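Asks: Take a look at this one; I'll ask things after.
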Amino acid sequence: MTTTITEPAGATAERGIRFTDDRRPPARPRAGRAGRAVGSIAIGFGLLVAIVLQLLPFYITVTTALKPRSDLSSQWVLPGDEWYWQNFTTAVDRGHILGAIGNSALVTLVSTLLVCALGALAAYPLARRTSVTNRLVMVGIVGLIMVPPLSILVPLYTMMNQLQAVNTYWGTILVMVATQLPLAIFLYASFMRGLPLSIEEAAAVDGASPVQILFRVVFPMLKPVTATVVILTSVAVWNEYALSVYLMRSPDMRTIAPAIGTFFASSGSDLGAAAAASLMSVVPVLAVYLVLQRYFIKGMVAGAEK
Amino acid sequence: MTATSSLTLPQRRRGSRSSASPRFARRSLNLFYVPALAVLALFTIWPLLNGIVLSFTNWNGYSPGRSFIGLENYGRLFADPIFHTALFNTFIYGFGSTLIQQVVGLALALALDRAMRGRNVARAIIYLPVLVSPVVMGTMYYLFFSYNSGGLNDLVVALGGERTAWLSDSNTAIALIVLVNSLQFVGISMVIYLAGLQSIPVMYYEAARLDGAGALQQFMNVTVPLLQPAFATSIVLNLIGGLKLFDVIQVLTGGGPGYSTNSVSTLISTAYFDNQTAGYASAMGVALFILIAVFTLFANTMLNRKRLELQ
């Protein structure tokens, strides 16, 4: 009798998945086959235009960087016979680009570490002890996300001058930490509120102190949100220009974005060298993006959606 | 940079779970946020407050002497045509970029939500410029726009047009700045809308189709309303980014020709370092902060209210 089952179990299961799967793209409504084909071609063409547009500045920069100034051929064509590497040496010698990459690496690394440590630490009481004071502190911190860097330029630069923090790593790092902390605290607090309280309570019953709970129980659970914070912070600090251009003024202290900006302004008509410098600044980010692309987009979305 | 779409007080949960365990109620737990608050207080809050004080002075930025001149700097803001231009441009940069990014970002998200070959590569490429410093992106586009050797002029000439000094005309320059900023960050809107699209259950579309809805009707009555949270996030983010625009302008035009392409941000830098009017620059800083706060909170409230109505 059991053989009358006509449908294999797998089929029902599949149908079940289908029904609840919200990841499946919505099926297209019935249009003529020709109409659908035209639609697909139009969409494909639009996407192609978008992709070409997004790659265009990179392509133009590559062709410009590989030609001497005397080469008057169009930016659209790559140099035919020989690639000209002199622009890169100019960028390194006069633009101090390699030193700037080193400075940026240091500032980005330390700032990101500090943002994660201070951010996670600060978020814990704000997430778990929702007194009136703490809720106000939280709103105040989140409100700081809106502060545009240039709106505090005058008082900040004045203060940094008085503290003799201009042209120092520690000064720039602390300013970078301050600009990135509000978002990090917000992300950590949102994530912590979603963690089950029972685990921490169990640890408390076992006699763990709040410090032990935080370090031994909570911190190990923060890996996903920490990935997001690390990505958002390191990209923002690596690319920061508006404040660091004023805080890092001496050529040997400049981070990469100010170095490109000042080199570009001073190199005048030497577009080849400016192009070479730009490429060198993009390569580290590009390399990391190629390897961790999936995490980048995921992390950015998580950061934006909270 | 992100996060402002839920600028609301964290709700105290029913039965106040925070006091479930006496250990979590301990006030000493608050010590954990003291280091972060100290950094924020010194490097953000203190400058913010100090900026308000400075905005009431005639300080030149370097000499020790300064005197309080009341609201004079703010009066000057209302009378200064250069500031008016910068303010107007700031709105164009902010709203122009936001508009383009929503339209293009949503279109790209809809196109790349379909199952197709190479869609991950396409997403990654469109998103790529987000990771580049705006200064570098500006430099790259500067090469493209340059008069003699620029690729854009080569293209125009090839099509039978004349070489144009794209960045010497303020209207063209402003349009190009908006375009460069929009293209660079359109990837953010795209991924937010992609995430939004993926959170819409397919059964809503199936139900709509059963009721005889066409493609456009499905889009208007299912997709658009259910994307409301994504709209809120994306619009608020783009608005903040556009209204504080600085780096791209510095590289592409430096605020020129004359003062015609300045945003409030670039004008602050000029007023402080070039014109030595630090007091006036502080007043502009206060104005910029208020402007961004007002627009962000307004957009946030409006968009979130709409979301509530839908539920």
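The values are calculated or read from the model by the stated rules, or taken from the named source; none is laboratory data. Worth saying up front: this structure is predicted, and the values here are computed from it rather than measured. Glycine gets a Cβ as well: all are built from the backbone with ideal geometry, and neighbour counts include every protein chain shown. The area values use the complete protein model at the heavy-atom level, side chains included, leaving out ligands, DNA and RNA. Shrake-Rupley method; radii C 1.70, N 1.55, O 1.52, S 1.80 Å.
Asks: For segment B:264-278, which residues satisfy the criterion of being touching a helix residue (DSSP H, G or I) at 6+ places or on another chain (Cβ under 6 Å) and at pLDDT below 90?
Replies: Hits for segment B:264-278 are B:ALA271, B:TYR272, B:THR277, B:ALA278.
Asks: Taking segment A:93-110 as the region of interest, how many residues are open to solvent by 40 Å² or more (accessible area, probe 1.4 Å) and under 17 Å from the mean Cα position of the chain (by Cα)?
Replies: 4
Asks: Further, regarding this structure: Within the group B:GLY258, B:GLY254, B:GLY241, B:GLY285, which residue is touching a residue at least 40 places away in the same chain (Cβ under 8 Å) and not in a helix (DSSP H, G or I)?
Replies: Criteria check complete, one pass: B:GLY258.
Asks: Any chance segment B:157-177 includes a residue that's open to solvent by 50 Å² or more (accessible area, probe 1.4 Å), more than 7 Å from chain A (Cβ to nearest Cβ), part of a helix (DSSP H, G or I) and of a type in the set (Gly, Ala, Ser)?
Replies: Yes, because at least one residue in segment B:157-177 is open to solvent by 50 Å² or more (accessible area, probe 1.4 Å), more than 7 Å from chain A (Cβ to nearest Cβ), part of a helix (DSSP H, G or I) and of a type in the set (Gly, Ala, Ser).
Asks: Looking at the structure I just gave you, is B:MET203 open to solvent by 50 Å² or more (accessible area, probe 1.4 Å), assigned to a helix (DSSP H, G or I), more than 8 Å from every other protein chain (Cβ to nearest Cβ) and aliphatic (A, V, I, L, M)?
Replies: So B:MET203 fails the test.
Asks: Looking at (1) more than 8 Å from every other protein chain (Cβ to nearest Cβ); (2) over 29 Å from B:ASP274 (Cβ atoms), can you tell me which one A:SER104 breaks?
Replies: Condition (2) is where A:SER104 drops out.
Asks: For the structure I just gave you, tell me whether B:LEU297 is within 10 Å of chain A (Cβ to nearest Cβ), of a type in the set (A, V, I, L, M, F, W, C), out of contact with any helix residue (DSSP H, G or I) (no Cβ under 7 Å at 6 or more places or on another chain) and surrounded by fewer than 24 Cβ atoms within 10 Å (Cβ to Cβ).
Replies: yes
Asks: Out of all the residues in segment A:72-86, is one or more more than 9 Å from chain B (Cβ to nearest Cβ), under 30 Å from A:THR233 (Cα atoms) and of a type in the set (Asp, Glu)?
Replies: For segment A:72-86, residues more than 9 Å from chain B (Cβ to nearest Cβ), under 30 Å from A:THR233 (Cα atoms) and of a type in the set (Asp, Glu): absent.
Asks: Still on this model: Just give me the residues in segment A:189-246 being among the charged types (D, E, K, R) and within 26 Å of the chain's Cα centre (by Cα), in sequence order.
Replies: A:ARG193, A:LYS223, A:GLU240
Residues checked against (1) in a loop (DSSP other than H, G, I, E, B); (2) of a type in the set (Asp, Glu); (3) open to solvent by 10 Å² or more (accessible area, probe 1.4 Å):
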site	(1), (2), (3)
A:VAL245	no, no, yes
A:ARG249	yes, no, yes
A:ASP252	yes, yes, yes
A:ALA257	no, no, no
A:THR262	no, no, yes
A:ALA274	no, no, no
A:SER278	no, no, no
A:VAL285	no, no, yes
A:VAL288	no, no, yes
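Asks: Could you please find all residues in segment A:138-180 being within 17 Å of A:VAL237 (Cβ to Cβ), open to solvent by 20 Å² or more (accessible area, probe 1.4 Å) and more than 7 Å from every other protein chain (Cβ to nearest Cβ)?
Replies: Of everything in segment A:138-180, those that are within 17 Å of A:VAL237 (Cβ to Cβ), open to solvent by 20 Å² or more (accessible area, probe 1.4 Å) and more than 7 Å from every other protein chain (Cβ to nearest Cβ) turn out to be A:PRO149, A:THR168, A:TYR169, A:TRP170, A:THR179, A:GLN180.
Asks: Also, I was wondering about something else. State the number of residues belonging to segment A:111-134 that are open to solvent by 50 Å² or more (accessible area, probe 1.4 Å) and either farther than 15 Å from B:VAL34 by Cα or under 21 Å from the mean Cα position of the chain (by Cα) (or both).
Replies: Of the residues in segment A:111-134, 4 are open to solvent by 50 Å² or more (accessible area, probe 1.4 Å) and either farther than 15 Å from B:VAL34 by Cα or under 21 Å from the mean Cα position of the chain (by Cα) (or both).
Asks: When segment B:105-154 is examined, which residues are found to be more than 7 Å from chain A (Cβ to nearest Cβ), without any contact (Cβ under 8 Å) to a residue 24 or more places away in the chain and not small (Gly, Ala, Ser)?
Replies: B:MET116, B:ARG117, B:ARG119, B:ASN120, B:VAL121, B:TYR147, B:ASN148, B:LEU152, B:ASN153
Asks: Just to be sure I understand the filter: pairs with C-beta atoms under 7 Å, separated by 6 or more residues or on different chains, first member in segment A:235-263 and within 8 Å of chain B (Cβ to nearest Cβ), second member part of a helix (DSSP H, G or I) and among the basic types (Lys, Arg). Which pairs pass?
Replies: Close Cβ pairs satisfying both conditions: none exist.
Asks: Select from segment B:60-88 the residues that are free of Cβ contacts under 8 Å to residues at least 24 places away in the same chain and assigned to a loop (DSSP other than H, G, I, E, B) and list them in ascending order. If you could, list the steps in order and put the result at the bottom.
Replies: Here is the first cut: in segment B:60-88, the ones free of Cβ contacts under 8 Å to residues at least 24 places away in the same chain are B:63-65, B:67-68, B:70-72, B:75, B:78-81, B:84, B:88.
Listed by number, the residues that qualify are B:SER63, B:PRO64, B:GLY65, B:SER67, B:GLY70, B:LEU71, B:ASP80.
Asks: Can you find a residue that is more than 9 Å from chain B (Cβ to nearest Cβ), closer than 22 Å to B:ILE126 by Cα, modelled with pLDDT under 90 and under 29 Å from the mean Cα position of the chain (by Cα) anywhere in segment A:55-67?
Replies: Yes, segment A:55-67 contains at least one residue that is more than 9 Å from chain B (Cβ to nearest Cβ), closer than 22 Å to B:ILE126 by Cα, modelled with pLDDT under 90 and under 29 Å from the mean Cα position of the chain (by Cα).
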